[in-house]
1. Would you check which residues across region 203-219 are loosely packed, with under 15 Cβ neighbours inside 10 Å and more than 22 Å from the chain's Cα centre (by Cα) and list them?
2. Taking region 25-65 as the search range and keeping residues that are of a type in the set (Asp, Glu) and closer than 21 Å to residue 167 by Cβ, which one is surrounded by the fewest Cβ atoms within 10 Å (Cβ to Cβ)?
3. Out of (1) without any contact (Cβ under 8 Å) to a residue 60 or more places away in the chain; (2) part of a helix (DSSP H, G or I), what's the single condition that is false for residue 147?
4. Looking only at region 72-86, how many residues end up being in contact (Cβ under 8 Å) with a residue 12 or more places away in the chain and either among the aromatic types (Phe, Trp, Tyr) or over 16 Å from residue 13 (Cα atoms) (or both)?
5. Consider only pairs whose beta carbons are under 7 Å apart and that are at least six residues apart or on different chains; among these, list those whose first residue lies in region 184-200 and is within 15 Å of residue 213 (Cβ to Cβ) and whose second residue is open to solvent by less than 70 Å² (accessible area, probe 1.4 Å) and acidic (Asp, Glu).
6. Any residue that is touching an Asp or Glu at 6+ places or on another chain (Cβ under 7 Å) and part of a helix (DSSP H, G or I) - is there at least one of those in region 58-65?
7. Only one of 126, 192, 155 is within 24 Å of residue 79 (Cα to Cα), open to solvent by 10 Å² or more (accessible area, probe 1.4 Å), modelled with pLDDT of 95 or more and out of contact with any helix residue (DSSP H, G or I) (no Cβ under 6 Å at 6 or more places or on another chain). Can you tell me which?
Amino acid sequence: MTGTTPTGTTVAEVMAELAELEDPKARAVNEKHGDDHGVNLGKLRALAKRLKTQQDLARGLWETDDTAARLLALLICRPKAFGRDKLDAMVREARTPKVHDWLVNYVVKKNPHAEDLRPAWSADEDPVVASAGWALTTERVAKKPEGLDLSALLDIVEAEMKDAPDRLQWAMNHCLAQIGIDHADHRARAMDIGERLQVLKDYPTSPGCTSPFAPVWITEIVRRRQAR
C-alpha cells in the first residue's frame, strides 16, 4: 500500500525510513523476545513524534504486516477511531508479543469498545486473544472494579493458570497479583493461590526489579504503598 495520506506522507516513504533505521544488533535482541524487527524503539518513538497523529497512514502501515511498521502505526493512530470488528481483527493479526502488547495497551484500552471486547476475548479459544481479554480485566481490577466478580476471577485463575500457555498464563498471573495488590479482602486468597500454583516463581528477575511471582509481587507493592 503506497497511497498518499492527506498530510502527504506515503506508506512507502515511511517504510524506506524504517529500513534505514534497521540495526542488526537491535534485531538480535528483539528476536530473543519473539519480535521480528531491528528498529530501536527510541528511534521508532522519535519518528512517531515527528509524524504525529495520522490515522490513514497508521491504517496503511498496519496493512503491511511488517512488525516495525505496525508498532509505528500504533503510535500514530487515533485509538478511538477503530470499530469493534477492526480491533477484533487486529488482535488476531498481531503476530509478535510487542505488537500485541502495544495494541492492547496503547489502543484497545483507550477505545470505547474495550469493555465489550473484554469478556469476549477472555473466553476466546485462542490463548493469545484470551490474554488480551485478561489484560483488559486487569485494567478494570485496578481502575474500575465495580461490577467485577473478583472471587469468580480468582476461581478461574486457580483452575486454569497453572496449565495455561505462556502469554495467557502471564496475563492471568498479572490479574491475580493486581487483585491481591488492590483488594485487601481478597489478598490472602490471591497469595495462597500464587503459593500453591508456583507460577513464575523461578522467573529470572534483574536486580532492582520485582519478581512476577504473585506472592512476592503483591507483598512488595503493598509494602511500597504503605511506606508512602
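1. 207, 208, listed by residue number.
2. Here the answer is 65.
3. Here residue 147 meets the rest and fails (2).
4. Total meeting the criteria: 10.
5. These pairs meet every condition: 193/158.
6. Scanning region 58-65, I find no residue that is touching an Asp or Glu at 6+ places or on another chain (Cβ under 7 Å) and part of a helix (DSSP H, G or I), so the answer is no.
7. Answer to the selection: 126.
One line per residue, one yes/no per condition, for (1) part of a helix (DSSP H, G or I); (2) touching a residue at least 40 places away in the same chain (Cβ under 8 Å):
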site	(1), (2)
12	yes, no
15	yes, yes
19	yes, no
26	yes, no
31	yes, no
36	no, yes
43	yes, no
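The values are calculated or read from the model by the stated rules, or taken from the named source; none is laboratory data. Model, not experiment: these values are computed from the prediction. Counting neighbours? That spans all protein chains shown, and the Cβs are built from the backbone with ideal geometry, glycine included. Only protein heavy atoms, including side chains, enter the accessible area calculation; ligands, DNA and RNA are left aside. Shrake-Rupley method; radii C 1.70, N 1.55, O 1.52, S 1.80 Å.
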